[in-house]
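Here's the structure we're looking at; comments come further down.
The values are calculated or read from the model by the stated rules, or taken from the named source; none is laboratory data. Here the structure is a predicted model, which means the values were calculated and not measured. Counting neighbours? That spans all protein chains shown, and the Cβs are built from the backbone with ideal geometry, glycine included.
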Amino acid sequence: MKQRKIAVIAGTSDATDCVTAFVATPYGKEILAGTNCTVHVGRLDAAGFAEALTGFDAVVDASHPFAVVVTETVKAVCQAKQIPYTRISRPTLHYDYEKLHIVSSKEAAADWLCSCTGNLFFTVGIHPMPSYAAAVTDLSHRAFARVLDTAASRQAAAAVPATFWFAMPPYSITETVAYLQEHQISVLISKDSGARGGVPEKIQAAKQVGIPVLLIQSPEQIER
């Protein structure tokens, strides 16, 4: 029997010897270290995915819930090439915290933050930070952000007026609480990327300090 070839669009999924995992960054490859699969590193556009997915029998899209462009691109390529496509979404969690504020986009988050005073702690990754820098009042004087300690993150952070904490997950509640207290943070901002994204730990840390959490819904959550 011919061995089926399966492509997994993700950097955090378990894999087997018949799986090729497509990840955007070297960090994604590190997460898969020790698994018995082939790993393709690098961001791809539609043409790149069309070439790379040639010969595969199925595609499983387990990409980040906020990687909308990736999901739309891969789904369209699979439809065009008639490759069976399956999307695996992260489970939606329900958080019990009276100071939790939920918004539907980074634009809505920026509007909400413009009415806030005090220091802000962003845990949304490096890519949205330029948008917040342009939209939020006096951000350069009160923005703190935790981002992955990678060469790409450090390069991108150089152009953003904020104080950065470069670190690699997992992040403990204890060290997050210490950072919030040290920098007198007034609001913690996070994408709702679920348990795998460390959201429960972020909320627990904010609870211990007594500050609000601004949570940005993923596009998939809004569609449900």
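Can you find a residue that is surrounded by 12 or more Cβ atoms within 10 Å (Cβ to Cβ) and under 26 Å from TYR179 (Cβ atoms) anywhere in the stretch 78-92?
Taking every residue of the stretch 78-92 in turn, at least one turns out to be surrounded by 12 or more Cβ atoms within 10 Å (Cβ to Cβ) and under 26 Å from TYR179 (Cβ atoms).
Scan the stretch 182-224 for residues that are free of Cβ contacts under 8 Å to residues at least 40 places away in the same chain and β-branched (Val, Ile, Thr) and report the count.
Summing the residues that are free of Cβ contacts under 8 Å to residues at least 40 places away in the same chain and β-branched (Val, Ile, Thr) in the stretch 182-224 gives 1.
Table: residues versus (1) under 25 Å from PRO219 (Cα atoms); (2) surrounded by fewer than 20 Cβ atoms within 10 Å (Cβ to Cβ); (3) among the hydrophobic types (A, V, I, L, M, F, W, C).
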{"site": "VAL136", "(1), (2), (3)": "yes, no, yes"}
{"site": "ALA159", "(1), (2), (3)": "no, yes, yes"}
{"site": "PRO170", "(1), (2), (3)": "yes, yes, no"}
{"site": "THR176", "(1), (2), (3)": "no, no, no"}
{"site": "SER190", "(1), (2), (3)": "yes, no, no"}
{"site": "PRO200", "(1), (2), (3)": "yes, yes, no"}
{"site": "ALA205", "(1), (2), (3)": "no, no, yes"}
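Go through the stretch 93-130 and give me each residue that's surrounded by 15 or more Cβ atoms within 10 Å (Cβ to Cβ) and polar (S, T, N, Q).
Selection gives ASN119, THR123.
Could you list all residues from the stretch 101-131 that are among the aromatic types (Phe, Trp, Tyr) and either touching a Pro at 6+ places or on another chain (Cβ under 9 Å) or without any contact (Cβ under 8 Å) to a residue 40 or more places away in the chain (or both)?
Matches in the stretch 101-131: PHE122 only.
Which fully enclosed helices (runs of 4 or more DSSP H) of the stretch 33-132 have 1 or more residues being within 17 Å of the chain's Cα centre (by Cα)?
It comes to 68-81, 106-114.
Please specify each residue of the stretch 83-100 satisfying the condition of being of a type outside the set (A, V, I, L, M) and touching a residue at least 40 places away in the same chain (Cβ under 8 Å).
SER89, ARG90, PRO91, THR92, TYR95, TYR97, LYS99
Mind checking which residues of the stretch 102-144 are at pLDDT below 95 and in contact with a Phe, Trp or Tyr (Cβ under 7 Å, 6 or more places away or on another chain)?
LEU139
Is it the case that some residue within the stretch 174-181 is closer than 25 Å to GLU98 by Cβ and in contact (Cβ under 8 Å) with a residue 40 or more places away in the chain?
Among the residues of the stretch 174-181, at least one is closer than 25 Å to GLU98 by Cβ and in contact (Cβ under 8 Å) with a residue 40 or more places away in the chain, which makes the answer yes.
Residues checked against (1) modelled with pLDDT under 95; (2) within 22 Å of GLY194 (Cα to Cα):
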residue: ALA24; (1), (2): yes, yes
residue: VAL39; (1), (2): yes, no
residue: ALA50; (1), (2): no, no
residue: PRO65; (1), (2): yes, yes
residue: ALA76; (1), (2): no, no
residue: ILE83; (1), (2): no, no
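Looking for something at pLDDT 95 or above, under 27 Å from TYR97 (Cα atoms) and out of contact with any strand residue (DSSP E or B) (no Cβ under 7 Å at 6 or more places or on another chain) - is there at least one such residue anywhere in the stretch 157-167?
Scanning the stretch 157-167 turns up no residue that is at pLDDT 95 or above, under 27 Å from TYR97 (Cα atoms) and out of contact with any strand residue (DSSP E or B) (no Cβ under 7 Å at 6 or more places or on another chain).
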